[in-house]
Every structure is written in structure tokens, then in C-alpha cells.
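A quick write-up on the structure given underneath.
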Amino acid sequence: MGGSFRSIACQIHCSRSALNRLASGQVQNPDRKTIHKLRRLAEHKNPAGTITEEELQRLLQRVFDEDTHTATEPAADTVAQANGRAPAAPAAWTGAPFVAPVQGADGDRRNGLRAEPLWPVDELVVHLDSGRYEHAVGMLDYAGGKAPAKESAAAIQACRGRGLTEATDTLLRKVGGRPEEIVFTVIRHLIDAGNAADARALAQIRSSVRMHE
């Protein structure tokens with residue numbers, strides 16, 4: 001495409017750090033909207049050297065189909081054991097990227113969660129790109145360590161959806177250190193939203209924390 005990560009990120013309205021992680025292969029579940037924006041920008045600059053929309057869609061589907069095969073039982077079992085009931089059925093992967101619930105009058109019908117005010121991931125991106133790391137850290141500290149469980153889950157979803165892997169990992173670690181009932185509630189929200197991978201990761205973090213308590 002030519003140009004720096006910063007200039008390309010500005011053109012597709014994403015963060016430079018997210019684009020860098022995407023280009024280096026650090027994002028396991030890339031945001032489809034970002035990928036399609038990159039393809040359209042590439043096509044504008046070099047039509048002959050850009051894959052078609054259909055080819056890209058097929059490749060993305062392969063990525064998400066492969067993710068379907070990751071086990072969802074550990075996180076679901078952990079929640080079920082905490083609630084004293086049988087393990088829940090594995091959450092089905094819908095093929096949609098990990099995103100925060102969409103605001104609507106009747107809530108988010110896709111995942112069973114009532115819509116809450118979206119977590120301000122765009123504000124976090126601005127702080128990161130502007131080098132205002134103390135503000136970014138403050139947002140992550142609150143969302144991961146103090147916010148209600150549903151807001152913590154929404155923050156994880158939003159950061160994952162934007163490809164902010166480091167921020168997502170930070171949130172998971174902070175939530176994992178909170179009281180067990182909060183951790184299990186966040187896990188439940190993540191499973192309900194179809195985010196089995198982060199639910200499983202959070203369950204593993206909490207298990208590790210419990211071993212050291």
C-alpha cells in the first residue's frame with residue numbers, strides 16, 4: 001500500500017498499534033470490518049495486486065471456522081461448577097467478530113445480553129495513539145479491576161474486536177484477580193456473547209490466581 005502504519009490506520013479509522021499487531025500476526029481473531037477496509041484501500045492503490053472480496057470472505061471464514069473447533073468446555077464447566085449445577089452446553093461460534101453488544105431498545109438479541117452503554121474503546125485508542133498512556137492505564141484499571149461485571153465483559157469484547165491484544169490481556173489479568181463470583185459472572189457474559197476463547201482464558205487465569213492464594 002505504501003505509507004506508514006499511522007497513515008494507513010488513519011485512512012481506515014483504526015489505531016496504529018492495532019494495525020501493527022494485525023500485520024505481525026498477533027491478532028488471533030481479526031476484526032472483519034478492519035480487514036475489509038484494508039482490502040478496499042489496497043484495491044484503490046493497486047487493483048491488480050489485490051484479492052477479490054469473495055476470496056477474502058472465504059479466507060476469513062476459514063479463520064473463524066477453525067476457531068469453532070477450540071474447546072469451550074473448560075470455561076463453561078468452571079462457571080457451572082461455581083453455580084453448583086451441570087456444565088452448560090458449549091457456546092456456538094456465530095462467525096461474527098468479538099464486539100461489544102450493540103445498543104438497541106430491546107437489548108442485543110444475538111447473544112442474550114441486555115444492551116449496555118458501549119465501552120469507550122475509541123477513547124482508549126486515542127489515548128494509546130497520542131501517547132497518553134496514563135489515561136489508557138486508568139481506563140483499563142477501572143474496567144478490569146473495579147467496573148461491574150457486565151462492563152468488564154463489554155470492555156474485553158470491545159478491545160478484542162479492535163484487535164487490542166495487549167489491552168485485552170491486561171483486562172483479563174485484572175478481572176482474574178477479582179473476587180470469584182465477579183470473575184464467573186464475567187465469564188458467563190463472555191460465553192453468552194460467543195467469546196469462548198476469552199472466557200476460557202479468564203477461567204485459566206482465575207484458576208492460576210486461586211492456586212497462589
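Please compute the net charge surrounding His127, taking Lys and Arg as +1 and Asp and Glu as -1 over other residues with Cβ under 15 Å from its Cβ. Combined, the nearby Lys, Arg, Asp and Glu give -3. Net charge around Ser17, counting only other residues with Cβ within less than 12 Å of its Cβ (Lys, Arg = +1; Asp, Glu = -1)? Net charge in that neighbourhood comes out at +2. Within the shell defined by Cβ-Cβ distances under 15 Å, the residues around Asp169 carry a net charge of +4, with Lys and Arg each +1 and Asp and Glu each -1. Give me the accessible area of Glu123, 1.4 Å probe, in Å² rounded to the nearest 10. The value for Glu123 is about 90 Å².
A viscosity of 1.306 mPa s and a temperature of 10 °C, combined with the Kirkwood radius over C-alpha pairs in the Stokes-Einstein formula, give segment 123-192 a diffusion coefficient of 133 µm²/s.
The values are calculated or read from the model by the stated rules, or taken from the named source; none is laboratory data. As the structure is a computational prediction, the values presented were derived from the model and not from experiment. Every residue, glycine among them, receives a Cβ derived from its backbone with ideal geometry; neighbour counts consider all protein chains shown. The area values use the complete protein model at the heavy-atom level, side chains included, leaving out ligands, DNA and RNA. Shrake-Rupley method; radii C 1.70, N 1.55, O 1.52, S 1.80 Å.
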